[in-house]
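The values are calculated or read from the model by the stated rules, or taken from the named source; none is laboratory data. All figures in this text were calculated on a predicted structure; none of them were measured in a lab. Methodologically, a virtual Cβ is constructed for each residue, glycine included, from the backbone with ideal geometry; neighbour enumeration extends over all protein chains shown. With ligands, DNA and RNA removed, areas are computed over all heavy atoms of the protein, side chains included. Shrake-Rupley method; radii C 1.70, N 1.55, O 1.52, S 1.80 Å.
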2 protein chains.
Amino acid sequence: MSDTAYARTARTTPTRYRERATWEREEIHAVLDSTWICHLGFVVDGAPVVLPTIFARVGDRLYVHGSTGSRPLRAAGADEGMPVCVTVTLVDGLVLTKSAFNHSVNFRSVVAHGTAHQVTDPEELAVALDALVDQAVPGRSADVRAANAKELAATAVVRLVLDEVSAKTRDDGANDDEADRGLPHWSGVVPMRTAYGTPVPHPDSTAALPGYLAELG
Amino acid sequence: MSDTAYARTARTTPTRYRERATWEREEIHAVLDSTWICHLGFVVDGAPVVLPTIFARVGDRLYVHGSTGSRPLRAAGADEGMPVCVTVTLVDGLVLTKSAFNHSVNFRSVVAHGTAHQVTDPEELAVALDALVDQAVPGRSADVRAANAKELAATAVVRLVLDEVSAKTRDDGANDDEADRGLPHWSGVVPMRTAYGTPVPHPDSTAALPGYLAELG
């Protein structure tokens with residue numbers, strides 16, 4: 001790979017809409033850093049399994065929380081690892097055109113391929129867990145009781161080094177065929193975003209709302 | 001399967017948090033009907049691939065738009081089909097506890113396993129395309145130029161019959177250990193939802209905003 005971009009491979013080079021793809025490290029990291037939910041794909045008995053879970057990026061490493069898929073993830077020992085695909089998607093808008101066919105979606109996505117390894121080193125696991133908390137709520141890991149040894153042992157996290165990875169983005173208006181432009185239908189974009197609501201404290205929670213929660217969104 | 005529930009199998013029975021799972025048809029359909037983005041998993045040369053795309057539910061069928069993965073999907077002919085996993089996820093809230101370990105997420109998800117087949121019948125394809133448009137914007141398919149034969153031929157849609165499928169839901173507050181309850185950290189839930197912004201018309205669009213767009217959200 002170059003200093004600024006990940007190397008392209010056959011499976012990170014799309015067959016369609018290639019102009020939407022990028023391998024630039026900064027652009028890929030920016031998409032990853034905009035969310036904290038991923039979809040983790042792996043193979044069990046030849047069949048694909050896709051589970052939603054949380055992730056964090058630390059440099060060129062993705063840490064993926066594996067509890068929802070603990071059976072296969074724990075089977076993937078630290079040495080041999082497990083082939084995975086980690087996909088991160090943000091939906092930014094509905095694109096409505098005058099023809100059904102040209103409808104589209106504005107989005108940002110990252111697809112990372114590779115071999116995931118379970119994190120077994122206690123120090124790396126502690127770093128990964130802090131990162132998982134801070135990916136969703138920056139600053140939160142410094143304002144909680146840290147995991148103890150028993151909790152660390154009960155947590156399955158896998159590491160995927162970013163290497164074979166690309167991002168795709170569509171950020172554009174409605175693209176109708178020339179022949180459709182005079183049709184009377186509404187066309188345009190309906191923006192979308194993930195919105196955070198007002199935090200609801202637990203009855204046990206007597207602390208003032210932390211600044212890092214007031215800033216979410 | 002019973003009249004009201006899909007049959008449970010080993011891979012639709014979670015190993016953890018089994019109380020969060022359901023196989024009830026109505027509950028699964030309700031989750032599916034709450035969104036229109038899915039993550040489609042399939043296997044290429046033994047490795048998993050997960051791509052975001054749009055889907056629609058029509059009865060017990062999922063129709064999944066395959067253009068982003070057209071290479072493998074077109075390879076999956078109508079007869080043999082392709083093993084897939086279709087996963088749909090809605091994130092409803094961040095759950096912050098006083099310990100790092102007990103942090104959680106409120107969510108609804110559906111995971112469907114099975115063999116997908118490319119839709120080749122023109123009538124079924126037309127139904128599927130209308131459904132794909134209406135899943136995102138109910139009522140829209142009646143207010144566009146319908147796809148012509150050339151456009152239908154250029155569209156890859158696969159069908160997955162819902163059969164081996166389950167939903168998982170967490171909708172709860174912060175669950176701290178008894179020993180952590182007196183800690184001074186904020187705990188509670190930050191609600192989340194997908195929000196639609198104000199529609200932005202294309203310069204060619206002179207129609208008034210349709211009612212079905214005003215009602216989105």
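The set of residues in segment A:47-71 being among the hydroxyl-bearing types (Ser, Thr, Tyr) and either open to solvent by 50 Å² or more (accessible area, probe 1.4 Å) or under 14 Å from the mean Cα position of the chain (by Cα) (or both) consists of A:Thr53, A:Tyr63, A:Thr68. Flag: A:Ala126 does not match the condition of being at pLDDT 95 or above and either small (Gly, Ala, Ser) or buried (at least 20 other Cβ atoms within 10 Å of the Cβ) (or both).
Quickly run through segment A:180-200 and pick out the residues that are open to solvent by 70 Å² or more (accessible area, probe 1.4 Å) and either in a strand (DSSP E or B) or out of contact with any Ser or Thr (no Cβ under 9 Å at 6 or more places or on another chain) (or both). Across segment A:180-200, the qualifying residues are A:Gly182, A:Arg193, A:Thr194, A:Thr198, A:Val200. One residue stands out among those in segment A:24-34 that are open to solvent by 20 Å² or more (accessible area, probe 1.4 Å) and under 16 Å from the mean Cα position of the chain (by Cα): the one that is nearest to the other protein chains (Cβ to nearest Cβ), which is A:Ser34. Which count do you get for residues in segment B:37-46 that are under 9 Å from A:Gly41 (Cα atoms) and open to solvent by 10 Å² or more (accessible area, probe 1.4 Å)? The number of residues fulfilling the criteria is 0.
Is it true that some residue in segment B:127-147 is over 30 Å from A:Ala136 (Cβ atoms), part of a strand (DSSP E or B) and facing chain A (nearest Cβ under 7 Å)? Checked segment B:127-147: at least one residue is over 30 Å from A:Ala136 (Cβ atoms), part of a strand (DSSP E or B) and facing chain A (nearest Cβ under 7 Å).
For the residues B:Ala147, B:Ala156, B:Ala136, the requirement of being buried (at least 18 other Cβ atoms within 10 Å of the Cβ), at pLDDT 95 or above and either within 20 Å of B:Pro83 (Cα to Cα) or of a type in the set (A, V, I, L, M) (or both) singles out B:Ala136. Scanning segment B:135-157 finds no residues that are within 27 Å of B:Thr22 (Cβ to Cβ) and among the hydroxyl-bearing types (Ser, Thr, Tyr).
Yes/no per residue for (1) in contact with a Pro (Cβ under 6 Å, 6 or more places away or on another chain); (2) open to solvent by less than 30 Å² (accessible area, probe 1.4 Å); (3) over 30 Å from A:Pro201 (Cβ atoms); (4) in a strand (DSSP E or B):
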| site | (1), (2), (3), (4) |
| --- | --- |
| B:Pro83 | no, no, yes, yes |
| B:Val88 | no, yes, yes, yes |
| B:Gly93 | yes, yes, no, yes |
| B:Asn102 | no, no, no, no |
| B:Val110 | no, yes, yes, yes |
| B:His113 | no, yes, yes, yes |
| B:His117 | no, no, yes, yes |
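Within segment A:206-217, restricting attention to residues that are touching a strand residue (DSSP E or B) at 6+ places or on another chain (Cβ under 7 Å) and modelled with pLDDT under 95, the residue that is surrounded by the fewest Cβ atoms within 10 Å (Cβ to Cβ) is A:Gly217.
For A:His103, the test of being touching a helix residue (DSSP H, G or I) at 6+ places or on another chain (Cβ under 8 Å), over 25 Å from B:Ala154 (Cβ atoms) and facing chain B (nearest Cβ under 9 Å) is failed. Pick out, from segment B:1-67, the strands (runs of 3 or more DSSP E) lying fully within it that include 1 or more residues that are of a type in the set (Lys, Arg). Those strands (runs of 3 or more DSSP E) span B:47-58, B:61-65. Of all residues in segment A:159-179, those that are open to solvent by less than 30 Å² (accessible area, probe 1.4 Å) and either within 8 Å of chain B (Cβ to nearest Cβ) or of a type outside the set (S, T, N, Q) (or both) total 8. Just to be sure, is A:Val91 in contact with a strand residue (DSSP E or B) (Cβ under 7 Å, 6 or more places away or on another chain), among the hydrophobic types (A, V, I, L, M, F, W, C) and facing another protein chain (nearest Cβ under 7 Å)? Answer is yes for this residue. Which count do you get for residues in segment B:1-23 that are hydroxyl-bearing (Ser, Thr, Tyr), away from every other protein chain (no Cβ under 14 Å), touching a residue at least 40 places away in the same chain (Cβ under 8 Å) and in contact with an Asp or Glu (Cβ under 9 Å, 6 or more places away or on another chain)? Total satisfying the criteria: 1. May I ask you to list the residues in segment A:3-23 that are open to solvent by 60 Å² or more (accessible area, probe 1.4 Å) and hydroxyl-bearing (Ser, Thr, Tyr)? Correct list: A:Thr4, A:Thr15, A:Tyr17.
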